[in-house]
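These notes are about the structure you will find just below.
FYI, it's all coordinate maths here, none of it is from the lab. Model, not experiment: these values are computed from the prediction. All Cβ positions, even for glycine, are placed from backbone atoms using ideal geometry, and neighbour counts span all protein chains on display.
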Number of protein chains: 4
Amino acid sequence: MIKVGIIGATGYTGVELLRLLAPRSDVEITVVTSRELAGVAVHSRFPNLRGHVDLQFCAPNSELLQACDVVFYATPHAVAMNTVAELLSKGIKVIDLSADFRIQDIPLWEQWYKTKHVCPELVAGAVYGLPEVNREKIKSAQLIAVPGCYPTAIQLGFLPLLENSLIETDRLIADAKSGVSGAGRKAVEDFLLCEATESIKAYGLSGHRHHPEICERLNTYSDYEVQLTFIPHLVPMIRGILATLYAPVKLGVEVSLDQLQAVYEQRYADEPFVDVLPQGEVPATRNVKGSNKCQIAVAYSEDTNTIVVLSAEDNLVKGAAGQAIQNMNIMFGLDETTGLQNIALLP
Amino acid sequence: MIKVGIIGATGYTGVELLRLLAPRSDVEITVVTSRELAGVAVHSRFPNLRGHVDLQFCAPNSELLQACDVVFYATPHAVAMNTVAELLSKGIKVIDLSADFRIQDIPLWEQWYKTKHVCPELVAGAVYGLPEVNREKIKSAQLIAVPGCYPTAIQLGFLPLLENSLIETDRLIADAKSGVSGAGRKAVEDFLLCEATESIKAYGLSGHRHHPEICERLNTYSDYEVQLTFIPHLVPMIRGILATLYAPVKLGVEVSLDQLQAVYEQRYADEPFVDVLPQGEVPATRNVKGSNKCQIAVAYSEDTNTIVVLSAEDNLVKGAAGQAIQNMNIMFGLDETTGLQNIALLP
Amino acid sequence: MIKVGIIGATGYTGVELLRLLAPRSDVEITVVTSRELAGVAVHSRFPNLRGHVDLQFCAPNSELLQACDVVFYATPHAVAMNTVAELLSKGIKVIDLSADFRIQDIPLWEQWYKTKHVCPELVAGAVYGLPEVNREKIKSAQLIAVPGCYPTAIQLGFLPLLENSLIETDRLIADAKSGVSGAGRKAVEDFLLCEATESIKAYGLSGHRHHPEICERLNTYSDYEVQLTFIPHLVPMIRGILATLYAPVKLGVEVSLDQLQAVYEQRYADEPFVDVLPQGEVPATRNVKGSNKCQIAVAYSEDTNTIVVLSAEDNLVKGAAGQAIQNMNIMFGLDETTGLQNIALLP
Amino acid sequence: MIKVGIIGATGYTGVELLRLLAPRSDVEITVVTSRELAGVAVHSRFPNLRGHVDLQFCAPNSELLQACDVVFYATPHAVAMNTVAELLSKGIKVIDLSADFRIQDIPLWEQWYKTKHVCPELVAGAVYGLPEVNREKIKSAQLIAVPGCYPTAIQLGFLPLLENSLIETDRLIADAKSGVSGAGRKAVEDFLLCEATESIKAYGLSGHRHHPEICERLNTYSDYEVQLTFIPHLVPMIRGILATLYAPVKLGVEVSLDQLQAVYEQRYADEPFVDVLPQGEVPATRNVKGSNKCQIAVAYSEDTNTIVVLSAEDNLVKGAAGQAIQNMNIMFGLDETTGLQNIALLP
């Protein structure tokens, strides 16, 4: 029985962790913290958990947390870094769904998150929790930085092209579309139904915090420096990210659609949660709603000699809570798919 | 291992049956029929099933179906009645999600469904599959008529009031609101996104087929004849039914909110899928999205001496496929909740 | 040229007033106030107004307001009552879209709005701005209390039945469904897209502030005391209210659908903004989206001897800003429909 | 008084033409044709037009149409080409909202529309109705080919860059997102609410009919051959197109954001319906919902030396009916903005 603690479980990644972990017989959720909601029943904030989760939120409490085998941080950025060291020192595994340990370049992190990092020495030891790349490292990791939602969809999309040196890396484009849950459960005017529904817009044109994360990671897969234009968009739906990726074919390389299809199918042949669609089919976020799958399709635009990749995931599952649990499964030597085999809700 | 066949699984109840049955280790889906899609992979119609269901649709085939232990009909009305007898005669259990065996009054059925019933003799033996009422009969049933989506929400809402003779029965009102999936996966103009989203309307004012079903059933719980005004509404969302029920307090009876709350809590104390909310909380369809739960709250309007009941369910789960499987579990002597414990997807 | 001021125009009724007034050649919007946004261009808050409204918000300013012919209050409740007297004393007409002058019974108002009313003496002189009832009084009014959104739809629906003494008045039911814009443009968690979309729920079961307003008004149309159960619901859409009204036929009265249809058609024959639909058609909120129309249909449920009325409006137009302008037109002796003839946006 | 006929007005462009034309005092809608709905009141199909349009649909009728001054075709492709010649021969102006006269390269048109063109001789004389480019030609045109919805947003976005030779033209990217109304009012399963809402997907990867139209037009603004990757996406909303355009800066050219902003502002300074947003603001489709505006913003991604343009319109207005009427206004020597000044509906 794995004893699990969740810190800051009052948002959408929190409820997803609980939805996915509560039914498991090999996991015991022992503590769910929230400063504001201490003493409140978890299911009174998340009525879908009535009858499934019987805990109350409690204030962060070292003793209770230190009795856990693993602690998930579902907190905003710059929270986890303050208390992770203590947990690690007690031998507790930590899976951080926030941004605190995602970027190795500390000054870059500090610039984007506008905060001094309080434990830069832990960052180097943190493992970036993208199992499709770091499975071996995750097995023995003590501290996991769960990738961001956009970074997951975009990396899984570009990965085969970079590993096979098929593209020019200095002018990649990621046109990404996200549902509103990516903004979290915060009372912000922009995300009111009346503001966000029946409309689409781009945002973050002056820079999005996932950009440095994506670039740092893509560079680790590439022999040449990666330059990326990343334009996120807000789509009037709850869940889902679709990343439409554009990459120019490398000078001197010739590609065909059949070959690209084979490259993707081979790369992900053994990946339980990356589903390369048959040629001619396209992913839709509804196909993965509530599931831990990332659906990918590849196309080739002959006119401009550009490869187009479509990568769809549920931002709260493969883009957050599901991927975090996938990491947990690997860390504890379990079948990686344990508790993550639920089928997407369609329609 | 229970061998399951599904007839007509190309619509939304079909995909829900598959979503809920495919992960089970005690069930084997052996045949999924569709005349139009024979030879097509099931997951090409329902991409959420990729990697979970590996079957192809096949044309209805007596031999294959007769090798099943149980057959679900997810067909339009007036289909099941043509072939059910043959299956029953071979000892195969039948769970019909259509309307063919829901109404005992054959002339009434024929009037509403505008068809001659071809096997009226089977109707009397069919068990109405509302476990909260008919659990014992379901155990030994060969043929189950799964209740309609509206009838489930409305019966579960009125039931405690009728059983306890708390209300005048001659002027009940059910103001019901349904998501668009209740209309099925049919290419009908009215249910296009551009027609149905960002709007609400009533429909079926001249009569809805669920009305005679509801009244026939409510009468079985009541000592006095039930008369009901039933107004269904179309709500711009995929899933969910909310029934708002109004009942005048019986002449000479006095009620209080506390007492009503107790009546509901007691009635459903042992029901795994009926969740009576604490006083002061209200159901929302999002709380049960994808789950087999029906959430109920009761209120009392002193000014008009009227009891108000709110009853929310996922029309495709407790209102259709989930309830059908709940019946199957009972029929096969399994724990009634097997495979139905999944938590609602929120948000 | 009518000089118009708008106080507190940062919400949805504010932008609707501007959308409807800006194109008019007989109206000059001279001042738009907002404490928080003073100095900010109006179109930077409402980008749909770019090129149409060139003003900046300014802090409330008596001098500027006193140069107006009419001032609209688009403020939360308990704001207008503090400054209306001063404007009236200068001969400026006031149209209050908030609740401050809607209820004649001051203690009742104070109980529901949990505030001491600072100018009860003005309430008696305020005219309730429902033109279909009070057109004559509006002509000479100095202070208009614009009806609430629910009260408009519900009153227009019940009015012909009460005026013609066709119903028992002691147990009326109004099951009302509203889009989310009724909650205003406030950063409140419950109205986030991820909280409010893809779901329906009832709210305000312990009492809604529009209930006493509705009852006070309905009583003025009825010889017998009105008792009403009013259950509002939140629907996942931006705009629109649909009120489904249930009324028992009066003892000793016989009604037919044809007769009811005639009663409604006659009552509203000369009303430019109440559209009684032909028998058999039903209103949908999409039919009136952005327009000042209220669509009404009447039906009769023989089984329960109950009359069912459907009343649909755009809560921000006929339920707020449009009706306010309709009042203004009447007060200034203009054609009542001036500037309000725009056609609903469909789809 | 301009006498107007509309052919095939049963879809969404049809109702938009009627919504925009009906209120005009200088226009008389004399005939609205539909083979299937002949004899039916127009407002029974479009209930938003009740009280505004009193016509019935009639079968196509040469006599009635020939009494018009101008005829709009709101038909599917390959319909207009059969009857346009006859109308033109009688001196009637024709504005075709379909694709029949948009592409000058007849074999290319025939290849994409899989039909033999029956009047290729008329194509050369047709004027492509993009006023921002062809205003002079439109003044004297007899036959207008109204641009497609995607082509309008994309051309207006790329135009200033091509005219000023700021970009490499051989690898342009248009990542376009459209609301579902772009698919028309056809009963097609893919566009059911339950299929299209709460999801985003790309489509037309193997080629979209607007691609050749866009390329042919962009080439007329460019000294170098244009190659374009065009990926359309389906967004879960009714109205709106957002095109996100990516163009590499031309070799040897240096650009800055200020300069780009100036280029766009100058290009569209006199355009009533193209609104270049202030630096730092981004368009959203909600800002133009129901209006004839196209909102544009330009950004520059230094890392990849790529210009990013955002272009938003209402696909049914500036992308169809509004633009058609803008053309009519120009053809008849009216103020171009007549009847098109309505403000977007927000929220």
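Taking every DSSP beta bridge that has both ends in chain A, the antiparallel portion is near 45%.
How shielded is D:282-295 by partner chains, expressed as the average number of their Cβ atoms within 10 Å of its Cβ atoms? Walk me through the numbers on the way to the answer.
Details: counts 7, 5, 11, 5, 12, 8, 4, 5, 6, 3, 0, 4, 0, 4.
Other-chain Cβ atoms within 10 Å of each residue's Cβ, averaged: 5.
Only alpha carbons enter this Debye calculation for the stretch D:1-148, each as an equal point scatterer, and the log10 of I(q)/I(0) it gives at q = 0.10, 0.13, 0.14, 0.19 Å⁻¹ is -0.34, -0.57, -0.66, -1.17.
Please compute one quarter of the surface area of the Cα convex hull for the stretch A:266-347 and express it in square nanometres.
Its Cα hull, projected and averaged over all orientations, spans 6.3 nm².
For the peptides A:151-162, A:93-104, residues were scored by their other Cβ atoms within 10 Å and the scores averaged per peptide; the highest-first order is A:151-162, A:93-104. Each residue of the stretch D:193-203 is assigned a 3J(HN,Hα), and the resulting list reads 3, 5, 8, 9, 7, 6, 6, 9, 8, 8, 8 Hz, derived from the Karplus form 6.51 cos²θ - 1.76 cosθ + 1.60 (θ = phi - 60°), x at Gly and Pro. By the rule of a C-alpha distance below 23 Å, with chain neighbours fewer than 8 residues away ignored, the lysines paired with A:Lys90 are A:Lys3, A:Lys137, A:Lys139.
Overall, the protein assembly as shown carries a charge dipole of about 0 debye about its Cα centre when +1 sits on the Cβ of Lys and Arg and -1 on the Cβ of Asp and Glu, all other atoms neutral.
For peptide D:233-246, compute the average count of partner chain beta-carbon atoms within 10 Å of each residue's beta-carbon.
Details: counts 10, 2, 8, 12, 11, 11, 6, 5, 1, 6, 0, 8, 0, 6.
What the average comes to for D:233-246 is 6.
In terms of overall dimensions, the C-alpha atoms belonging to chain C reach 62, 43, 39 Å along their principal axes, ordered largest to smallest. Which of the aspartates and glutamates could a cross-linker span from A:Lys289 if the Cα-Cα distance has to be under 15 Å and same-chain partners fewer than 8 positions apart are dropped? Correct list for A:Lys289: A:Glu16, A:Asp275, A:Glu313, A:Asp314, B:Glu16, C:Glu198, D:Glu195, D:Glu198. Per-residue Karplus couplings for the stretch B:275-283, computed as 6.51 cos²θ - 1.76 cosθ + 1.60 with θ equal to phi - 60°, are listed in order as 10, 7, 6, x, 3, x, 8, 10, x Hz, Gly and Pro entered as x.
Calculate the dipole size of the stretch D:2-125 relative to its Cα centre from +1 charges on Lys and Arg beta carbons and -1 charges on Asp and Glu beta carbons; express the result in debye to the nearest 20.
Working: 11 positive and 13 negative charges, 55 e Å.
Rounded to the nearest 20 debye, it is 260 debye.
Mind running the shape call on the stretch A:118-159? Use the C-alpha gyration tensor, a ≥ b ≥ c as the square roots of the eigenvalues: rounded below 1.5 for a/c, prolate if a/b tops b/c, oblate otherwise. All intermediate terms of the calculation are to be shown ahead of the outcome.
Details: a/c = 2.93, a/b = 1.52, b/c = 1.92.
The shape class here is oblate.
One Cα centroid belongs to the stretch C:1-33, the other to the stretch D:26-73; the line between them spans 36 Å. Within the shell of other residues whose beta carbon sits under 13 angstrom from the beta carbon of A:Pro278, the net charge comes to -3, with Lys and Arg scored +1 and Asp and Glu -1.
Taking each residue of C:49-62 in turn, how many C-beta atoms of other protein chains fall within 10 Å of its C-beta, and what is the average?
Details: counts 4, 10, 7, 5, 1, 0, 0, 0, 0, 0, 0, 0, 0, 0.
For peptide C:49-62, the averaged partner shielding equals 2.
When the charge dipole of chain A is built from unit charges on Cβ atoms (+1 for Lys and Arg, -1 for Asp and Glu) and taken about the Cα centre, the candidate among A:Ala320, A:Leu156, A:Ala9 whose Cα reaches farthest toward its positive end is A:Ala9.
Where both residues lie in the stretch D:150-315, what percent of DSSP beta bridges are antiparallel, nearest 5?
Values: 25 of 35 bridges.
Roughly 70 percent of the DSSP beta bridges within the stretch D:150-315 come out antiparallel.
Under a 5 Å amide H cut-off, with hydrogens placed 1.01 Å from N, B:Cys58 pairs with B:Val32, B:Thr33, B:Ser34, B:Gly39 among residues at least 5 apart or on other chains. Among the listed pairs A:Lys318/B:Lys186; B:Lys186/B:Lys293; A:Lys177/A:Lys201, give every one whose C-alpha distance is greater than 20 Å. As for pairs spanning more than 20 Å Cα to Cα, those are A:Lys318/B:Lys186; B:Lys186/B:Lys293.
Judged by the ratio a/c of the largest to the smallest principal axis of the C-alpha gyration tensor, the stretch B:150-315 counts as prolate, that ratio being 1.5 or greater while a/b is larger than b/c.
Please work out whether the protein assembly as shown counts as rounded, prolate or oblate from its C-alpha gyration tensor, where a ≥ b ≥ c are the square roots of the eigenvalues and a/c under 1.5 means rounded, while otherwise a/b larger than b/c means prolate and anything else oblate? Verdict is rounded for the protein assembly as shown. Remark: chain A carries a charge dipole of roughly 1080 debye about the Cα centre, counting +1 on each Lys and Arg Cβ and -1 on each Asp and Glu Cβ. Beta-bridge orientation, the protein assembly as shown: approximately 45 percent antiparallel, per DSSP, counting only bridges with both partners inside. Along the stretch B:251-267 the Karplus relation, 6.51 cos²θ - 1.76 cosθ + 1.60 evaluated at θ = phi - 60°, assigns HN-Hα couplings of 4, x, 9, 10, 10, 10, 4, 4, 5, 4, 4, 5, 4, 5, 4, 5, 4 Hz to successive residues, with x for each Gly and Pro.
Can you give the angle from 0 to 90° between the axis of helix A:322-331 and the longest principal axis of chain A, with both taken from C-alpha atoms, to the nearest 10? Compared with the principal axis, the helix lies near 80 degrees. Cut-off under 12 Å on the C-alpha distance; same-chain residues fewer than 8 positions from D:Lys93 excluded. Which aspartates and glutamates are left, in chain and number order? In chain and number order, the partners are D:Asp69.
Axis of helix C:149-163 versus longest Cα principal axis of chain C: the two differ by about 40°, to the nearest ten degrees. For the rotational copy pair D/A, the chain D residue whose Cβ lies nearest the symmetry axis, together with its distance in Å, is D:Asp175, 2.
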